Amino acid sequence: MIQVTIRNNEALEKALRRFKKKFEKAGILNDVKKNAHYTKSSTEKRLKRANSSKPNISNARSQGY
C-alpha cells in the first residue's frame, strides 16, 4: 500500500504529485491492466515463447549469422 504523508505547510497538489510518482514506480497500474482480462495459459506460453525468441534473432543478425 502506498502512503504519502503531508508535510507542514505543503500544498495538496505537491503531495498528490509525489503519490503519483510512487504509484507509477510501484507498477500498480500495469498489474491492473495485465489482470483486466483472462488469458489462457496456452496463449501466455505462446506469447512468452515469441517474445523470448525476438532478442535471439536480432542478436544473431548483429553478430553476422
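Taken together, the values in this text are just the output of simple stated rules run on the coordinates, not laboratory data. Everything quoted here is computed from the prediction, not taken from an experiment. Cβ coordinates were reconstructed from backbone atoms using ideal geometry, including for glycine residues, and neighbour counts include every protein chain displayed.
Data for the structure
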{"item": "Proximal aspartates and glutamates to LYS33, defined as alpha-carbon separation beneath 20 angstrom and excluding residues fewer than eight positions away on the same chain", "result": "GLU24, GLU44"}
{"item": "R0 of 35 Å, Cβ-Cβ distance ASN35-ARG7: FRET efficiency to nearest 0.05", "result": "0.55"}
{"item": "14 Å beta-carbon shell around SER42, net charge (K/R +1, D/E -1)", "result": "+4"}
{"item": "Full-extension gain in nm, ILE28 to LYS14, via 0.36 nm per residue minus C-alpha separation", "result": "3.0 nm"}
